[in-house]
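Chemist: Supplied in structure tokens, the structure appears directly below.
The values are calculated or read from the model by the stated rules, or taken from the named source; none is laboratory data. Here the structure is a predicted model, which is why all the values come from computation and not from measurement. Heads up, the Cβs are rebuilt from the backbone with ideal geometry, glycines too, and the neighbour counts pull from every protein chain shown. For the accessible areas, the whole protein counts, side chains as well, though only heavy atoms, and no ligand, DNA or RNA atoms are used. Shrake-Rupley method; radii C 1.70, N 1.55, O 1.52, S 1.80 Å.
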Amino acid sequence: MGFRVRTIDIVKILIVVIILAVLTYLVAFLSDLFLPKYKVYISDASAAVIVGLGGYVIVKILLDVISPYLFSRMDKGVAHTARLVISVALYTIVVLAVLSALGINLTGVALGGTVAGIAIGLAAQTVFSNVLAGFMVSSSKTLKPGDPVILSSWIWGNPIVGEVTNVSLLFTEVRTLNGNLIKVPNSAFLGNTTFTKLSDGNQLLEYPLQVIINADVKAEQVLSLAQSYIKDSFDKEKVQVPEMYFTAKNGSTNTFMVILKFSNIDDLNTMLTSVNTAFEKAYWDAKTAKT
């Protein structure tokens, strides 16, 4: 369901704006008629009250419009947090409007608090970045609890492989193959991280494993032996035999790609061990046969 503003909501906001305009005119007219000496003070005070009440009503209407969209695209906990953040932002605008109506020079206040503002801004930068990324990840359903994924980034080096357990506005939690619970800041998803869902489009999960072996023996011989050893091992475990390819020769090394397919991510560690062991055995057997 997309974000839609109903005609009735627009009408409500227009009615509030019209009422505010009429009230402002009436207060100015009556104060000029009966209390001309205090017209300036009455005008500022009444404007602040009217702006505050009107802003409150408009914010309530906007939140009622936004809430269904949030709750239809996010988990309830994330949606509540997103609504809170949006509420704080909107009510802050209302407060600033009230201060302006009272005649307070917001420019002077801003200049006077420049140093503090910079410090707070720098401290809050990461938080807002996480919130924005969390909103994007949650609303787009890019990641959701239960998704088996590979998270790769230059920030932490080795890829994180595991299952997503929770997506909040600040962090995405992933339980790794070793059972560790890792909280990844959502800001990492804004240009710094790539993630791969472990799925072949059907019922099985899919994990691409790159194996690098010394090139002092023929790649075809190593691949043939490794395929035989892996088939024997996987047949005993009654799991699907992976697809295997010789992909590249880079100087003194040969690179192989093994596409593992499985139904339970908890089986991946065992499969990785079997494949790496098989390739190591294949290499040494080929090397021994060569000599």
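Chemist: Taking amide hydrogens as modeled 1.01 Å from N in the peptide plane, which residues meet the under 5 Å criterion relative to ALA248, leaving out close sequence neighbours?
Modeler: THR255
Chemist: Taking the alpha-carbon centroid of each part, what is the distance from the stretch 261-291 to the stretch 182-237 in angstrom?
Modeler: 11 Å
Chemist: Probe 1.4 Å, all protein chains in place: accessible area of TRP284 in Å², nearest 10?
Modeler: Here the residue's solvent-accessible area equals roughly 130 Å².
Chemist: Right, next: Put a dot 7 Å past each Cα toward the Cβ at VAL49 and GLU243; how far apart are the dots in nm?
Modeler: The modelled label-to-label distance comes out at 7.4 nm.
Chemist: Right, something else. Ranked from highest to lowest mean number of other Cβ atoms within 10 Å per residue, what is the order of the peptides 274-283, 53-62?
Modeler: 274-283, 53-62
Chemist: With a ≥ b ≥ c taken as the square roots of the eigenvalues of the C-alpha gyration tensor of the stretch 186-263, please select rounded if a/c is under 1.5 and otherwise prolate if a/b is larger than b/c or oblate if it is not?
Modeler: Oblate shape, in that a/c is at least 1.5 and b/c is the bigger or equal ratio.
Chemist: Shifting gears a bit: Say the cut-off is 25 Å between C-alpha atoms; which of LYS218/LYS238; LYS231/LYS261; LYS144/LYS238 go over it?
Modeler: LYS218/LYS238; LYS144/LYS238
Chemist: Per-residue counts of other Cβ atoms within 10 Å, averaged by peptide: what ranking do you get for 231-242, 167-178, highest first?
Modeler: Going from most to least packed, we get 167-178, 231-242.
Chemist: Something else now. Given the peptides 208-216, 253-261, arrange them by the average over their residues of other C-beta atoms within 10 Å, most packed first.
Modeler: Ranked from most to least packed, the peptides come out as 253-261, 208-216.
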